[in-house]
Structures are given as structure tokens and as C-alpha cells.
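Undergrad: Below is the structure I would like to discuss, written out as C-alpha cells.
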């Protein structure tokens, strides 16, 4: 995308509709799974924007990349607006159909060209925790996403949160920063006598 520009929900929906329209026009129905900030945006109501779309698209990969590149050139977006850099954070639960939810068919149910899936909130929470960036616990968007997802799921403590993360990732794949980060997040929330923010 252009420097300083970001996807809000309306822009994301527009991009998905256009991607689906182009796929339908080519006689294809493609499937992508969206993760990261865009998945949070589609799951919760508070996430305002994100800089790109983290997605996985194993089928028709070359075709999807071609459409994404064409859209980037036409709309002045970054060439990596649709990227699969998130693949390194996927869980073995990825193969379980129940781990993801179908959230939309674009441009429409009547003219399907794109089916979009997102991880269920519990899986998305675990992914966010594993990828947690703590460069200042109050400033990281990861922290706000984790708080919002914890509220949506109903998590009350760092112990509950870690147990959920370990349901998706073996202990050796979880860095110490995840445990420390969750302890700090829930400690601050408990100090204030509040639950994670409601969505």
C-alpha cells in the first residue's frame, strides 16, 4: 500500500470483493485463510486498521499472487499487501477444519470467486501470544489484540491463557516472552480490578 496507508475494515472488505470478482471472472473459486490484524478486525469490533493482509493460500497460489500483484499496481498498494509471512506461526491444529471459520464468500454467494476463512478466536489468541512483540507492553498492538481476544473467549488469568496457548502449540515452541507477557498483561488488569476490555 502507499506509505502511511492501512487497511480498515471497509477497505479490507473492498479488497476481498475485488479479489473475488476477478477470480469469479476467471472461472475460479479460490480459498484463503486470513490471520493477524485482519483476522482480529473480522472477529472483534475495536481493531481500527492494519498495514497488510496476512493470509495462507495453498491452492492456486500462483493465480492468487498474480491477482494480488495486479491489484497492487492498479490501486497503488504495496506489492506485499497480501502475503503469507504468517505461515511460520501456524499450529498443527491448522489441519483441523474446526480450527477455522468461514466468514465470507466474495463478491457474493451467488457469484462465488473467493471464500475467506479466519481462525476461531481461541486459535487466533494462541497465535497472537506466540508471536507477541513486547517492545513496551502498553504500546504494542499485539497486547491490545490479546486483551480483546481474552475478553471474547472469557479468559481470567495468565494460567488459563497459557493453557490455551499450549493446546495449540507444544511447550518447546513457546518462547519465555509469551509467559512473561501474559503474566504482565493479567497482572495489570487485576491491579486495576478489571477484566480484559469488552468488545
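The values are calculated or read from the model by the stated rules, or taken from the named source; none is laboratory data. As the structure is a prediction and not an experimental result, all values here were calculated from the model. Cβ placement follows ideal geometry from the backbone for every residue including glycine, while neighbour counts extend to all protein chains displayed.
Undergrad: I'm trying to understand the selection: among the residues of the stretch 65-107, which are free of Cβ contacts under 8 Å to residues at least 60 places away in the same chain, assigned to a loop (DSSP other than H, G, I, E, B) and surrounded by fewer than 18 Cβ atoms within 10 Å (Cβ to Cβ)?
TA: Those that are free of Cβ contacts under 8 Å to residues at least 60 places away in the same chain, assigned to a loop (DSSP other than H, G, I, E, B) and surrounded by fewer than 18 Cβ atoms within 10 Å (Cβ to Cβ): 79, 80, 96.
Yes/no per residue for (1) touching a strand residue (DSSP E or B) at 6+ places or on another chain (Cβ under 6 Å); (2) over 23 Å from residue 191 (Cα atoms); (3) modelled with pLDDT under 95; (4) assigned to a loop (DSSP other than H, G, I, E, B):
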site	(1), (2), (3), (4)
114	yes, yes, no, no
123	no, yes, no, no
132	no, no, yes, yes
138	no, no, yes, yes
146	no, no, yes, no
151	no, no, yes, no
164	no, no, no, no
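Undergrad: Taking the stretch 37-51 on its own, how many of its residues are within 19 Å of residue 115 (Cα to Cα) and either surrounded by fewer than 19 Cβ atoms within 10 Å (Cβ to Cβ) or assigned by TED's automatic domain parsing to the domain that holds residue 166 (or both)?
TA: 0
Undergrad: Could you pull out the residue among 54, 60 that is under 19 Å from residue 13 (Cβ atoms), in contact (Cβ under 8 Å) with a residue 12 or more places away in the chain and surrounded by 11 or more Cβ atoms within 10 Å (Cβ to Cβ)?
TA: Being under 19 Å from residue 13 (Cβ atoms), in contact (Cβ under 8 Å) with a residue 12 or more places away in the chain and surrounded by 11 or more Cβ atoms within 10 Å (Cβ to Cβ) holds for just one of 54, 60, which is 54.
Okay, residues lined up against (1) outside the structural domain of residue 173 (by TED's automatic domain parsing); (2) under 21 Å from residue 168 (Cα atoms):
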| site | (1), (2) |
| --- | --- |
| 57 | yes, yes |
| 63 | yes, no |
| 67 | yes, no |
| 71 | yes, no |
| 78 | yes, no |
| 92 | yes, yes |
| 96 | yes, yes |
| 112 | yes, no |
| 130 | no, yes |
